[in-house]
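Chemist: Encoded as structure tokens, here's the structure I'll be asking about.
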Amino acid sequence: AVCSMGNSTSRLYSVLAKTLSSGAVSQHQDCLEQLDSAQLDPIDPKDLLEECQIVLQKRPPRFQRNFVNLKKNTASNHRPIRVMQWNILAQALGEGKDNFVQCPMEALKWEERKCLILEEILAYKPDILCLQEVDHYFDTFEPLLSRLGYQCTFFPKPWSPCLDVERNNGPDGCALFFLKERFELVSSANIRLTAMKLKTNQVAIAQTLKCHETGRLFCIAVTHLKARTGWERFRSAQGCDLLQNLKSITQGAKIPLIVCGDFNAEPTEEVYREFSNSSLNLNSAYKLLSPDGQSEPPYTTWKIRPSGECRHTLDYIWYSQHALNVNSALGLLTEEQIGPNRLPSFNYPSDHLSLVCDFSFNQDPDRLL
């Protein structure tokens, strides 16, 4: 049966090697109701990684990336919180709409590409995972990640471009995952972003979590703003709407905040300035990798389309700089690693790089701004 999943490593392959035959989200949900992931046996991450590597044995090995230690001399008596942000590239868009002219179609095969995505997640072991362009949530990410101990939430775009692609797997959207052993869900909001008082096709998820170890509350949000040149004012309006929602959820910055997303906006855009200058006192974590701590990375996405080469910084992890410290951040792939054909490739499954940061709470919980 399509929905059956085994208990052991040998039977994990059925989850990896197959996806549900139907693309209809409602049928995916019916399948989940039959399964009830809470009742399924846990998966050992090492076993799943092994299965992924069997599928990927003909592909080149994963790129090596190193964490950069950013910790100041501030003592912390709790484990850091690892947050991963990644636009994983919707399968329907990669195969059907994005026109990566230097990427062979063979490199985009879902049976292997999903294993590259899982391998990247398993390598960095995030406590919280924020994804965009997820169009295989119900048949891949929810069944597997729930069995790895994550609580899973998905919010699809109302009019996903994936639905225009033949043999699609349903709409793409944002997904948020957190480890239940580390956090308790206090509240959750699915936000459909507005611009100029109109509801848009872009969404966000914002969840308030309680850290079991420290008892501290914080809010984690994931979003994906409107793409393309010419939509700068639209993105700005969406960003304002998201900030207003987050001000309410965090009680005006009383609750620390982390916002992950593909903003589809360079640091020169108005929406970036809105987040930088917000009363929520946010900073962009990846700026801390620059020598002066003030510059974003040179790129977070790099691809070649029929119109030419596109190298942009669009992806960010924002955080409350008054309440959180960035202990470390994962370095980006170098131009040499990415290679002349750019992304995606046989080595790397998405046109966007994953961002990973380790956070700790400021030791003075009463210190706000």
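The values are calculated or read from the model by the stated rules, or taken from the named source; none is laboratory data. Please read all numbers here as calculations on a predicted model, not as lab measurements. Cβ placement follows ideal geometry from the backbone for every residue including glycine, while neighbour counts extend to all protein chains displayed. Note: areas computed on protein heavy atoms with side chains; ligands, DNA, RNA excluded. Shrake-Rupley method; radii C 1.70, N 1.55, O 1.52, S 1.80 Å.
Chemist: Taking the conditions exactly as written (under 14 Å from the mean Cα position of the chain (by Cα), open to solvent by 10 Å² or more (accessible area, probe 1.4 Å) and in contact (Cβ under 8 Å) with a residue 24 or more places away in the chain), does LYS97 satisfy them or not?
Modeler: For LYS97, the condition - under 14 Å from the mean Cα position of the chain (by Cα), open to solvent by 10 Å² or more (accessible area, probe 1.4 Å) and in contact (Cβ under 8 Å) with a residue 24 or more places away in the chain - is not met.
Chemist: Those residues that are crowded, with 17+ Cβ neighbours inside 10 Å and in contact (Cβ under 8 Å) with a residue 60 or more places away in the chain, I need them from the range 290-306; list them, please.
Modeler: Scanning the range 290-306 gives THR301, LYS303, ILE304.
Chemist: While we're here: Looking at (1) open to solvent by 20 Å² or more (accessible area, probe 1.4 Å); (2) touching a Ser or Thr at 6+ places or on another chain (Cβ under 6 Å); (3) assigned to a helix (DSSP H, G or I), find the lone condition where VAL186 falls short.
Modeler: In the conditions (1) open to solvent by 20 Å² or more (accessible area, probe 1.4 Å); (2) touching a Ser or Thr at 6+ places or on another chain (Cβ under 6 Å); (3) assigned to a helix (DSSP H, G or I), VAL186 misses (3) alone.
Chemist: Please go through the range 221-239 and pick out each residue that is hydroxyl-bearing (Ser, Thr, Tyr) and not in a loop (DSSP other than H, G, I, E, B).
Modeler: Within the range 221-239, THR223, SER236 meet the criteria.
Chemist: While we're on this one: List the helices (runs of 4 or more DSSP H) inside the range 87-167, counting only whole elements, that have at least 1 residues being among the small types (Gly, Ala, Ser), touching a helix residue (DSSP H, G or I) at 6+ places or on another chain (Cβ under 9 Å) and more than 21 Å from CYS52 (Cα to Cα).
Modeler: Filter on the range 87-167 gives 91-96.
This table checks each residue for (1) open to solvent by 20 Å² or more (accessible area, probe 1.4 Å); (2) at pLDDT 95 or above.
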| position | (1), (2) |
| --- | --- |
| GLU133 | yes, yes |
| HIS136 | no, yes |
| LEU148 | yes, yes |
| CYS152 | yes, yes |
| SER160 | no, yes |
| GLU166 | yes, no |
| GLY173 | no, yes |
| LEU176 | no, yes |
| GLU181 | yes, yes |
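Chemist: Any residue at all in the range 66-89 that is more than 30 Å from ALA323 (Cβ to Cβ) and either among the small types (Gly, Ala, Ser) or open to solvent by less than 20 Å² (accessible area, probe 1.4 Å) (or both)?
Modeler: Scanning the range 66-89 turns up at least one residue that is more than 30 Å from ALA323 (Cβ to Cβ) and either among the small types (Gly, Ala, Ser) or open to solvent by less than 20 Å² (accessible area, probe 1.4 Å) (or both).
Chemist: Let me ask something else about it. Being small (Gly, Ala, Ser) and open to solvent by 40 Å² or more (accessible area, probe 1.4 Å) is the filter here, so list the residues in the range 216-237 that pass it.
Modeler: Hit for the range 216-237 is GLY230, nothing else.
Chemist: Find all pairs meeting these conditions: Cβ atoms under 6 angstrom apart; at least six residues apart or on different chains; first residue within the range 166-191 and within 18 Å of GLN202 (Cβ to Cβ); second residue among the polar types (S, T, N, Q) and at pLDDT below 95.
Modeler: Listed pairs, sorted by first residue: none to list.
Chemist: If we scan the range 170-184, do we find a residue that is within 30 Å of ASN77 (Cα to Cα) and of a type in the set (Lys, Arg)?
Modeler: Yes - at least one qualifying residue is present in the range 170-184.
Chemist: For the range 250-289, give me the residue count where each residue is open to solvent by less than 40 Å² (accessible area, probe 1.4 Å), part of a helix (DSSP H, G or I) and touching a residue at least 60 places away in the same chain (Cβ under 8 Å).
Modeler: 2
Chemist: Pull out all pairs, ordered by first then second residue, where Cβ-Cβ is under 9 Å, the residues are six or more apart or on different chains, the first lies in the range 45-65 and is more than 25 Å from ASP127 (Cβ to Cβ), and the second is among the small types (Gly, Ala, Ser) and open to solvent by less than 30 Å² (accessible area, probe 1.4 Å).
Modeler: Close Cβ pairs (under 9 Å, with a partner that is among the small types (Gly, Ala, Ser) and open to solvent by less than 30 Å² (accessible area, probe 1.4 Å)) amount to ARG59/ALA107; PRO60/SER345.
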